[in-house]
Amino acid sequence: MTTTVTRRPTVAVWKFASCDGCQLTILDCEDEFLSIVGAIDIAYFPEATRAERGGPYDLSIVEGSITTVHDAERIHDIRAKSKALITIGACATAGGIQALKNWADVDEFAKIVYAHPEYIRSLSTSTPISDHVTVDFELRGCPISKHQLIDVIDAFVHGRKPNTPTHTVCVECKLRGTTCVMVAHDTPCMGPITQAGCGALCPAFNRGCYGCFGPSESPNIEALREAWHEIGVDDPHLVQALRTFNAYAPEFKEASETYA
């Protein structure tokens, strides 16, 4: 009898400009992570192991945005040796909170923060990975949802499409029976234009959504603007809300520049 041995796909996890929160979410999968490890072969993941094997890799998971010339070059090398590439988190998919520098004077920031700013080698922008190389799938969130991550990796292993939702946080509020904070308390909330994934965590504690998971599919930002005006929130505060975790997501970027 002939026994067929199926090779486990090799996976590498990479870090660029970020806080490591999304990589920690991988480790936070706990029991689920053990199942993942049994299905894949982790070839490179400095956050979790000292083991390091060169490519090519079946799958690369990338956290963080591109903020230096070196990283702009490095991501092309990673893409070249990866059959598939998935970006995770707001930094990798939308430039992250550090994309706020895209509307500011980076040299002035460096002079204020560093004693020797001449040693700083930073690009004037923070951009998502997809601005530099082809990305096969983007997993949003700040940080990402571990349940969505497990589904995405499982989808890769089994050759299916991920079941990541594209509806809004408002739907999650309805599903958990949470009262709308805008209707009940006149609290400004990004839920109507934000992709689901957090389980409507903030509204469940009577706080408005902060837009951690980025824009939903076809977000009606103008309608949100009108709703915020009705509860006394002006455009400068809306621009501030749009320019947070996912400031450089195209829909949020365009709207914030329109209303600024």
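A compact table of results
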quantity	calculated
Top-ranked residue in region 79-98 [being aliphatic (A, V, I, L, M) and under 28 Å from GLN195 (Cα atoms); ranked as surrounded by the fewest Cβ atoms within 10 Å (Cβ to Cβ)]	ALA84
Qualifying residue in region 40-55 (condition: within 24 Å of ALA247 (Cα to Cα), in the same structural domain as SER130 (by TED's automatic domain parsing) and in contact (Cβ under 8 Å) with a residue 60 or more places away in the chain)	no
Filter pass, THR134 being surrounded by fewer than 11 Cβ atoms within 10 Å (Cβ to Cβ), of a type outside the set (Asp, Glu), touching a residue at least 24 places away in the same chain (Cβ under 8 Å) and assigned to a loop (DSSP other than H, G, I, E, B)	yes
Residues within region 10-58 that are surrounded by fewer than 19 Cβ atoms within 10 Å (Cβ to Cβ), of a type in the set (A, V, I, L, M) and farther than 18 Å from PHE156 by Cα, tallied	4
Within region 194-237, tally of residues that are part of a helix (DSSP H, G or I) and in contact (Cβ under 8 Å) with a residue 40 or more places away in the chain	3
Residues of region 171-202 that turn out to be under 22 Å from CYS22 (Cα atoms) and out of contact with any strand residue (DSSP E or B) (no Cβ under 9 Å at 6 or more places or on another chain), as a count	6
Region 1-45: number of residues that are within 17 Å of SER82 (Cα to Cα) and either in contact with a helix residue (DSSP H, G or I) (Cβ under 8 Å, 6 or more places away or on another chain) or modelled with pLDDT of 85 or more (or both)	15
Selection within region 103-131 - more than 27 Å from PRO250 (Cα to Cα) and in contact with a Pro (Cβ under 6 Å, 6 or more places away or on another chain)	LYS111
Residues of region 174-189 that turn out to be under 10 Å from ASN206 (Cβ atoms) and part of a loop (DSSP other than H, G, I, E, B), as a count	3
Search result, residues across region 150-167 that are on the phi < 0 side of the Ramachandran plot and in a loop (DSSP other than H, G, I, E, B)	ARG160, LYS161, PRO162, ASN163, THR164, PRO165, THR166, HIS167
The listed residue being crowded, with 23+ Cβ neighbours inside 10 Å and in contact with a Leu (Cβ under 9 Å, 6 or more places away or on another chain), out of ILE61, ILE144	ILE61
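The values are calculated or read from the model by the stated rules, or taken from the named source; none is laboratory data. What you are looking at is a predicted structure, and each value in this text was computed from that prediction instead of being measured. Cβ: placed from backbone, ideal geometry, glycine included. Neighbour counts: every protein chain shown.
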